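Peer 1: Supplied in structure tokens, the structure appears directly below.
FYI, it's all coordinate maths here, none of it is from the lab. Computed from a predicted model, the values in this text were never measured in an experiment. Quick reminder, even Gly has a Cβ in these numbers, built from the backbone with ideal geometry, and neighbours come from all protein chains shown.
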Amino acid sequence: MIESISSKGIVLYNRNFREHDKLVKIFTEKSGKRMFFVKHATNSKLSPVIQPLVLADFLLKINDDGLSYIEDYHDVSSFQAINSDLFTMSYATYVAALADASLEDNRYDPALFAFLQKTLELMEQGLDYEVLTNIFEIQILSRFGVSLNFHECCFCHRVGLPFDFSFRFGGVLCPEHYQEDSYRACLHPNVVFLLDQFQAVEFQELEKISLNPELKKALRMVIDQIYEEYVGIHLKAKKFIDSLGDWGSILKEPE
Ligand SMILES: [Zn+2]
């Protein structure tokens, strides 16, 4: 069945198809993630809107049994600030790749769409892209079927204590129950506190979050461990971010 719809969409990626055509993966608000066929892509009027991380209102022909088509578009936002900075762009690309990996094709998920759009908009506004990425990574865990408890001790259910994280129990331990897992993560309680905050953070509160470099590094490490342990995906975009860390300090302009 082919159906015409109008929907917001975020371009995830495109790739060449045959000699002159392209396949474009778009995460649409109303119809999930789908593959669109663009004939003679280079000369097409669609060429500016099939680039990764473009957000636009699309008029689409959705085909449930095969490739879909882009009929028209308006209100294009191409995230100029994100695209003009290698670091921000790498993190934005990774966040989009995570959304892609967490979602089956053709599955309607307007909440995830809104979350991705908002995250990109906040990166565009210049909010800390590393923190935004961490929040995205923590909140999207549920899409991978992972549910972790950063809020209350797995044993006594008390809250608000200097917790540590246990990979064995998929949750936190209070000081009285640290000994339940001799391989507990030995994280600074502030790191666990932030993971808990990130799981429930409201976007309005984000502008206030500012973290020092050591905390950010500790968060990066534990979130990598969490993804290794519970999710097990290895995205190219993430490897690129990891390599940025190595030569990033050379590239970054002195402040
Ligand atoms: Zn306890």
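Peer 1: For the pair Ser142 and Leu244, how long in nm is the line joining their label points, each one 7 Å along Cα→Cβ?
Peer 2: 2.7 nm
Peer 1: Moving on to the next point. Subtracting the Cα-Cα distance from 0.36 nm times the residue separation, let me have the gained length for Asp21 to Leu211 in nm, one decimal.
Peer 2: 63.9 nm
Peer 1: When the Cα centres of the range 206-235 and the range 71-119 are compared, how far apart do they sit, in Å?
Peer 2: 20 Å
Peer 1: Excluding residues fewer than 8 places away in the same chain, name every one of the lysines whose C-alpha is closer than 18 Å to that of Lys39.
Peer 2: Cross-link targets: Lys22, Lys25, Lys61.
Peer 1: Sticking with this structure for a sec: Using the charge dipole of the chain (Lys, Arg: +1 at Cβ; Asp, Glu: -1 at Cβ; taken about the Cα centre), state which of Met123, Ser47, Phe165 has its Cα farthest towards the positive end.
Peer 2: Of the listed residues, the answer is Ser47.
Peer 1: Please give the net charge around Ala218, taking every other residue with its beta carbon less than 14 angstrom from that of Ala218, where Lys and Arg add +1 and Asp and Glu add -1.
Peer 2: Spelling it out: positives minus negatives among the neighbours equals -1.
Peer 1: Ok, one more. Checking the a/c ratio against 1.5 first, then a/b against b/c, what shape does the Cα gyration tensor give for the range 2-78?
Peer 2: oblate
Peer 1: Here's something else I'd like to know. Using the Cα centre as the reference, give the magnitude of the dipole from point charges on the C-beta atoms of the chain (Lys, Arg: +1; Asp, Glu: -1; all else neutral), rounded to the nearest 20 debye.
Peer 2: On the way: 25 positive and 37 negative charges, 134 e Å.
Approximately 640 debye in magnitude.
Peer 1: Taking only Cα atoms, what is the 0 to 90° angle, nearest 10, from helix 213-226's long axis to the longest principal axis of the chain?
Peer 2: Long axis of 213-226 versus the principal axis of the chain: about 80 degrees.
Peer 1: Further question: For Cα pairs less than 8 Å apart in space and 6+ apart in sequence, what is the mean separation divided by the residue count of the chain, i.e. the relative contact order in percent?
Peer 2: It rounds to 15 percent for the chain.
Peer 1: What net charge is computed for the residues neighbouring Phe27, neighbours being all others with C-beta under 13 Å from the C-beta of Phe27, Lys and Arg scored +1, Asp and Glu -1?
Peer 2: Combined, the nearby Lys, Arg, Asp and Glu give +2.
Peer 1: Please give the calculated 222 nm ellipticity per residue for the chain, where each DSSP H segment of at least 4 residues contributes -39500 (n - 2.57) and the sum is spread over every residue; nearest 500 deg cm²/dmol?
Peer 2: It comes out at -11000 deg cm²/dmol, rounded to the nearest 500.
Peer 1: While we're here: What are the ³J(HN,Hα) values, in whole Hz, obtained from phi via the Karplus relation 6.51 cos²θ - 1.76 cosθ + 1.60 with θ = phi - 60°, for each residue of the range 97-114 in sequence order, with x given for Gly and Pro?
Peer 2: Karplus values, whole Hz, x for Gly and Pro: 5, 5, 4, 4, 5, 7, 10, 6, 4, 6, 8, 5, 8, x, 5, 5, 4, 4.
Peer 1: The range 72-204: D in µm²/s via Stokes-Einstein (Kirkwood Rh, Cα pairs, 10 °C, 1.306 mPa s)?
Peer 2: The Stokes-Einstein estimate is 96 µm²/s.
Peer 1: Follow-up. Could you tell me whether the chain comes out rounded, prolate or oblate from its Cα gyration tensor? Rule is a ≥ b ≥ c as square roots of the eigenvalues, rounded for a/c under 1.5, then prolate if a/b exceeds b/c, otherwise oblate.
Peer 2: Cα axes put the chain in the prolate bin.
Peer 1: Can you quote the Å³ per residue value for the convex hull of the Cα atoms in the range 1-152, rounded to an integer?
Peer 2: 115 Å³
Peer 1: Would you kindly derive the ³J(HN,Hα) couplings of the range 118-132 from the backbone phi angles with the Karplus curve 6.51 cos²θ - 1.76 cosθ + 1.60 (θ = phi - 60°), listing them in order in whole Hz, with x for Gly and Pro?
Peer 2: 3J(HN,Hα) across the range 118-132, in whole Hz: 5, 4, 5, 5, 6, 5, 4, 6, x, 5, 4, 5, 5, 5, 4.
Peer 1: Give the angle, between 0 and 90 degrees and rounded to the nearest 10, that separates the Cα long axis of helix 189-200 from the longest principal axis of the Cα atoms of the chain.
Peer 2: Taking Cα atoms only, the helix is inclined about 40 degrees.
Peer 1: How far apart, in nm, are the 7 Å Cα→Cβ label points at Glu71 and Ala114?
Peer 2: 2.7 nm
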